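Single-structure report; data block below.
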Amino acid sequence: MGPALLAQTTEGVDIGTIPVEGQVLFIGLLFLGTLAISRFSIQVGVPAILGVLVLGLAININYLDITHQQAENLHVFALALLLFYAGLKTDIQAIRGFLHYGLALAVGGVALATLLLGGLIWLLSSAGGDAIAPGSLDAMPLGAALLIAACLGSTDAGATISVLASVRQLVPERLQHLLEFESSVNDPTALLLFGLVAGLFTTGQADGAAMGAAGVVVDALRSFVQQVGSGLVIGALFGYVARFVIDQLAQDRSQLLIVAMSIAFVDYGSCQLLGGAGLIAVYTTGLLMANMRYRQTELNHESIQEALLPFNTMAEICLFLIFGLLVTPASLVPALPVGLATAAVLMLVVRPFSVLVFQPLSPFNRKESLFVSWCGLRGAVPLALSYNAVNQISHLRGVSADAVGALAQNAQSIVFIVVLVNLLVQGLTLPRLCVRLGLVAPAGD
């Protein structure tokens with residue numbers, strides 16, 4: 001793996017030297033700790049995953065000998081499962097009447113937010129991402145700024161739903177459906193944009209010089225379309241494979257967990273081996289499964305969701321916990337000014353603008369749209385994408401080899417800081433805003 005947020009220390013404890021009984025004990029205590037910290041976080045009014053992230057940060061990699069490659073592999077498994085579940089949660093029937101608006105937010109809103117945020121990071125940040133330098137000639141490379149913005153493009157359904165749990169009765173049901181749909185669909189949108197930005201800005205310098213600017217763009221777009229197209233096609237095929245398996249092989253609800261996890265991982269692995277975008281494939285499969293009819297009425301997408309929910313929750317917890325384990329607080333200090341500025345710009349400017357610009361398409365009133373604009377909590381996908389950003393920054397055109405390490409570390413730190421601040425600030429204020437706006441669901445909504 002390329003430069004990482006935190007180089008592993010040599011003072012850590014190698015887990016392999018600990019007896020297996022001790023490892024099992026540690027893992028059990030660790031998950032009990034996440035349960036306790038999640039309960040405390042919800043009582044305070046912040047998303048449970050924020051508490052898990054802080055727990056990982058407190059334990060820290062200084063005490064554990066875990067490689068970043070191992071953590072990245074676990075992130076792949078977790079992200080594949082999270083996006084498959086997001087597809088299963090995307091019920092087209094539930095958002096009839098505002099499907100066009102939901103798609104505008106999930107696709108156009110993410111694209112607009114990525115471009116706007118990337119431009120602002122480029123204008124505000126120094127070349128190394130370690131200082132605020134408005135209008136400086138020594139600005140962060142545009143490719144790096146857009147990669148950071150692409151990481152932060154998608155919102156987190158789990159975090160939003162967790163925060164809204166205490167005030168759910170004050171939010172109209174159709175508004176809840178919109179938020180769930182947007183936060184599910186914008187994950188693959190962010191992945192697509194990240195891949196496009198990476199393709200446009202990380203082509204080798206020699207190749208770029210030979211092909212010219214137009215050739216670089218065409219080559220990047222061709223690779224992008226090929227991967228996305230393959231992901232969509234393979235994902236659609238596995239959607240029908242999943243229906244066949246459920247109709248012909250599944251006997252009762254107890255087998256749905258095996259079916260769901262098998263389909264998700266086989267789908268992802270097959271697509272990746274064939275050169276496609278595996279994460280797009282698993283989301284597409286989940287989306288088709290959520291909107292299909294099955295032979296046995298008790299075996300459907302809702303029962304699959306119920307079976308998969310505990311593992312989806314565990315995957316999300318593991319992702320946040322592992323990321324927290326890999327971060328040393330001291331390494332965040334250089335990127336703190338830019339990270340805080342990026343978080344403020346994202347919450348106060350970029351997210352509201354990317355929502356309100358589509359107000360003419362919205363069936364919701366201004367107060368409801370304002371509420372949607374503040375429901376832009378970032379979570380698992382930005383953290384997972386930041387690992388890919390580290391690798392991509394090391395291949396950016398126009399970035400010297402000497403500057404790659406610091407830029408990659410600070411870029412990942414910026415994403416971490418933004419997620420942390422975003423979950424804390426919006427997590428604490430979202431329920432209060434809900435009450436203040438008076439979003440009372442009408443009878444029968």
What is the Cα radius of gyration of the chain over 2.2 N^0.38 Å, N being its residue count?
-> 0.96
Counting helices only, and only those DSSP H runs with n ≥ 4, report the 222 nm mean residue ellipticity of the chain as the sum of -39,500 (n - 2.57) divided by its residues, in deg cm²/dmol to the nearest 500.
-> -23000 deg cm²/dmol
Could you sort 271, 318 by accessible area so the largest value comes first, with the probe set to 1.4 Å?
-> 318, 271
Classify the range 331-445 as rounded, prolate or oblate, taking a ≥ b ≥ c as the square roots of the eigenvalues of its Cα gyration tensor: rounded when a/c is under 1.5, otherwise prolate if a/b is larger than b/c and oblate if not.
-> prolate
Could I have the simple spin-label model distance between residue 32 and residue 302, label points 7 Å from Cα toward Cβ, reported in nm to one decimal?
-> 3.7
What part of the accessible area of the range 347-395, given as a whole %, is carbon or sulfur when the probe is 1.4 angstrom?
-> 65
Descending principal axes extents, the range 276-323, alpha-carbon based, whole Å | 41, 28, 10
Roughly how many Å² is the accessible area per residue of the chain, as a whole number, for a 1.4 Å probe?
-> 42
Using alpha carbon centers only, the range 365-380 is separated from the range 233-298 by a whole-angstrom value of 31
Looking at the chain, do any whole DSSP H helices span at least 24 angstrom along their long axis by alpha carbon and average 0.5 or above on Kyte-Doolittle, and which?
-> 20-44, 68-89, 173-201, 205-248, 256-273, 301-325, 401-437
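The values are calculated or read from the model by the stated rules, or taken from the named source; none is laboratory data. Keep in mind that what you see is a predicted model, and the values were worked out from it rather than measured. Glycine also receives a Cβ, built like all others from the backbone with ideal geometry; neighbour counts cover every protein chain displayed. Please note that ligands, DNA and RNA were not included when accessible areas were found on the heavy atoms of the full protein model with its side chains. Shrake-Rupley method; radii C 1.70, N 1.55, O 1.52, S 1.80 Å.
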